[in-house]
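Reading through the structure tokens given below for one structure.
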Amino acid sequence: MGLSKFLLVLCFSLAGALNVHRMSADDQREMFNRDVKDAKVAAVTFAFAKQFQNHMVLQRAPQRANIYGFSPTIGQKVTLELVTVPATKTYSYETVVHQGQGVGVGAWNFVLDPFAAGVVVNIKVVSAGVSHNISDVIFGDVWVCSGQSNMQFILLQVDGAAQEIADAHNYNIRVMTVGLTESSTPLYDLAKISEPWSRASNSTVGHFSAVCWLFGKNIYRSRHIPIGLVATSWGGTPIKAWSSPLALVHCGLHHEEETEQPQSYTEYVNKVGPEDRHRLQGPGNSSVLWNSMIHPLLGMTIYGAIWYQGESDSSGVARDKYNCTFPTMIKDWRSNWNRASNGQTSNTFPFGFVQLAPNHPSPGPTAGFADIRWHQTVDRGDVPNPDMTNVFMAVAMDLPDFNSPYGSIHPRYKRDIGARLALSGLAVAYHQSGIFQGPLPTGSHASAGGLIVDYGNTWRLHVVINDGFEVQCAHLRWVADPIVAHTNTTVTLKPNVCHAGEKITGLRYAWSESPCALHSCAIYETSHNLPGPPFISYADFDPKGEPYFTFDRQTHIRN
């Protein structure tokens, strides 16, 4: 499939993949025709697409990398010569320029042979006597890192930044940052790149995304294959800005809703200068960053993506829809990346995310961030799960930084996040065995000594504090229920915390914006000291009328 067919495939394949039953066929055709008419391609001369540069990483075998670009001359021949370094073998390819989106704008595309990790090449494309070269290109795994300000948060700002930056040259990692641009229509070429592809060094990683770097670094330390990291994020942005129109329609989002930022975020933004304010106050309109900062990358073959976002969706309709918008965005990205990359990016590519970290001093509200954390797992508590296959996550609720100079919403403990996210990524994306996430209960039942919460035999529990659990009594009233005993696999909660005659109807854990002090929530496992994720469950009752809880199903929050 040529790049010129990109939008056609995007619109109609996504409709099928997401089962967009709310739109009639006429509505879909109208949307398609409007997008084709309005779609923009910045480049109108013979050139590579902007992300194809010196020092870049192309996706390794068994996947095949795509190389593409633009030309004004439809039907003209384009040749590509790839030479391995040291110069031991030359590969030659040929294609023609196809009609692109716009008068006099054509597109060309090559699907390369599969190359093993670590192979270094120089690449030259030629058309009508004009040539362009990129050099020092290496094959490895390409990861895209997206989201809002906590993904944008740079390495210079993290706890332990000096050590991380000084160590950067020891890793065979290349980094690139997409420039901040919004567009009302889909772009095929990036409008700008703020940091070109660079080898990792103490002069290149300091202003790069901290979570992206720390995730990639930990993947590299385990796999020892070159890693390419593409950061494309913008502070203060809601998920709808990163989602395609059809993905939003699938979740019933037909109208623009004003994005309400957390108060702590607004307070921090108001203290910074104009340049930082622009970086932290991204656009909130539907699809404007999907159009400009994701869509132009879809033709690239990638291995996976990671995501840190949700703070801007923690209230109102956006909060309540997040259990649809987030999984739908993942499916949307996967479907379109697969189609646009000629099937070389997997339609189930690994996708990782960070559960929201704390914000206000403990405990803070029980709605908002707690809801988003739950919705990030499609109301199941952990991933991967039947609704989120090949998805992994890092729990961050035990990493408060209320004195952060960047605002309490931006904790500096990104090294913990990078390590946890990479650990789960190694298990899900690279099939590495071992414990990769914190304990989630398998069941719970009543006893004379109190409610027993059973965590099964997967983990050995480390109980740090006794607080964090709550039970729901009559009239939807939640009451703290501390741990009074525990074993390696269970915790027992204090009995009789409800009023006499009241039955326990709900159980939840760590259900607040900031549920605990640093590294001090109640439940951890002993292998990697990973915190158990927050959860909520509502009671079933046995024949004797005693409550019990299950955790293997989707549980929607009851307000």
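The values are calculated or read from the model by the stated rules, or taken from the named source; none is laboratory data. Please read these numbers as outputs of a predicted model, since none were measured by experiment. So basically every Cβ, Gly included, is an ideal-geometry build from the backbone, and we count neighbours across all protein chains shown. When the accessible area is computed, the model is the full protein with side chains, heavy atoms only, and any ligands, DNA or RNA have been set aside. Shrake-Rupley method; radii C 1.70, N 1.55, O 1.52, S 1.80 Å.
Would you confirm whether or not region 332-340 contains a residue that is hydroxyl-bearing (Ser, Thr, Tyr), closer than 30 Å to residue 517 by Cβ, in contact with a helix residue (DSSP H, G or I) (Cβ under 8 Å, 6 or more places away or on another chain) and open to solvent by 10 Å² or more (accessible area, probe 1.4 Å)?
The answer is no, given that none of the residues of region 332-340 is hydroxyl-bearing (Ser, Thr, Tyr), closer than 30 Å to residue 517 by Cβ, in contact with a helix residue (DSSP H, G or I) (Cβ under 8 Å, 6 or more places away or on another chain) and open to solvent by 10 Å² or more (accessible area, probe 1.4 Å).
Counting only residues that are over 21 Å from residue 420 (Cα atoms), not in a loop (DSSP other than H, G, I, E, B) and not hydroxyl-bearing (Ser, Thr, Tyr), how many does region 505-559 have?
8
Restricting attention to region 227-257, which residues are within 12 Å of residue 313 (Cβ to Cβ), touching a Leu at 6+ places or on another chain (Cβ under 7 Å) and open to solvent by 20 Å² or more (accessible area, probe 1.4 Å)?
Passing the criteria: only 240.
Is region 204-225 home to any residue that is in contact with a Ser or Thr (Cβ under 7 Å, 6 or more places away or on another chain), assigned to a loop (DSSP other than H, G, I, E, B) and more than 28 Å from residue 120 (Cβ to Cβ)? Before you say what the answer is, go through the steps one by one.
At the first step, the residues of region 204-225 found to be in contact with a Ser or Thr (Cβ under 7 Å, 6 or more places away or on another chain) are 204, 208-209.
Cutting the leftovers down to assigned to a loop (DSSP other than H, G, I, E, B) gives us 204, 208.
Among the residues that remain, those that are also more than 28 Å from residue 120 (Cβ to Cβ) are: none.
Checked against the condition, which is being in contact with a Ser or Thr (Cβ under 7 Å, 6 or more places away or on another chain), assigned to a loop (DSSP other than H, G, I, E, B) and more than 28 Å from residue 120 (Cβ to Cβ), region 204-225 yields no hits at all.
Yes or no: region 424-437 includes at least one residue that is out of contact with any Lys or Arg (no Cβ under 8 Å at 6 or more places or on another chain), open to solvent by 10 Å² or more (accessible area, probe 1.4 Å), modelled with pLDDT of 95 or more and in a helix (DSSP H, G or I).
There is at least one residue in region 424-437 that is out of contact with any Lys or Arg (no Cβ under 8 Å at 6 or more places or on another chain), open to solvent by 10 Å² or more (accessible area, probe 1.4 Å), modelled with pLDDT of 95 or more and in a helix (DSSP H, G or I).
Any residue at all in region 81-99 that's modelled with pLDDT under 95 and open to solvent by less than 60 Å² (accessible area, probe 1.4 Å)?
no
If I filter region 156-175 for residues that are charged (D, E, K, R), surrounded by fewer than 19 Cβ atoms within 10 Å (Cβ to Cβ) and within 30 Å of residue 99 (Cβ to Cβ), do I get at least one hit?
Within region 156-175, not a single residue is charged (D, E, K, R), surrounded by fewer than 19 Cβ atoms within 10 Å (Cβ to Cβ) and within 30 Å of residue 99 (Cβ to Cβ).
Among the residues of region 463-482, write down those that are over 20 Å from residue 546 (Cβ atoms) and surrounded by 19 or more Cβ atoms within 10 Å (Cβ to Cβ).
Passing the criteria: only 468.
State yes or no: is residue 231 of a type in the set (A, V, I, L, M), in contact with a Ser or Thr (Cβ under 7 Å, 6 or more places away or on another chain), outside any strand (DSSP E or B) and touching a residue at least 24 places away in the same chain (Cβ under 8 Å)?
It is false that residue 231 is of a type in the set (A, V, I, L, M), in contact with a Ser or Thr (Cβ under 7 Å, 6 or more places away or on another chain), outside any strand (DSSP E or B) and touching a residue at least 24 places away in the same chain (Cβ under 8 Å).
Table: residues versus (1) open to solvent by 10 Å² or more (accessible area, probe 1.4 Å); (2) within 14 Å of residue 310 (Cβ to Cβ); (3) touching a helix residue (DSSP H, G or I) at 6+ places or on another chain (Cβ under 9 Å); (4) among the hydrophobic types (A, V, I, L, M, F, W, C).
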position: 365; (1), (2), (3), (4): yes, no, no, no
position: 373; (1), (2), (3), (4): no, yes, no, no
position: 376; (1), (2), (3), (4): no, yes, yes, no
position: 380; (1), (2), (3), (4): yes, no, yes, no
position: 388; (1), (2), (3), (4): no, no, yes, yes
position: 394; (1), (2), (3), (4): no, yes, yes, yes
position: 397; (1), (2), (3), (4): no, yes, yes, yes
position: 421; (1), (2), (3), (4): no, no, yes, yes
position: 440; (1), (2), (3), (4): yes, no, no, yes
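Please name all residue pairs, on different chains or six or more residues apart, with Cβ atoms under 9 Å, provided the first residue is in region 277-289 and is under 12 Å from residue 253 (Cβ atoms) and the second residue is part of a helix (DSSP H, G or I) and among the charged types (D, E, K, R).
Listed pairs, sorted by first residue: 285/240; 286/240; 287/240.
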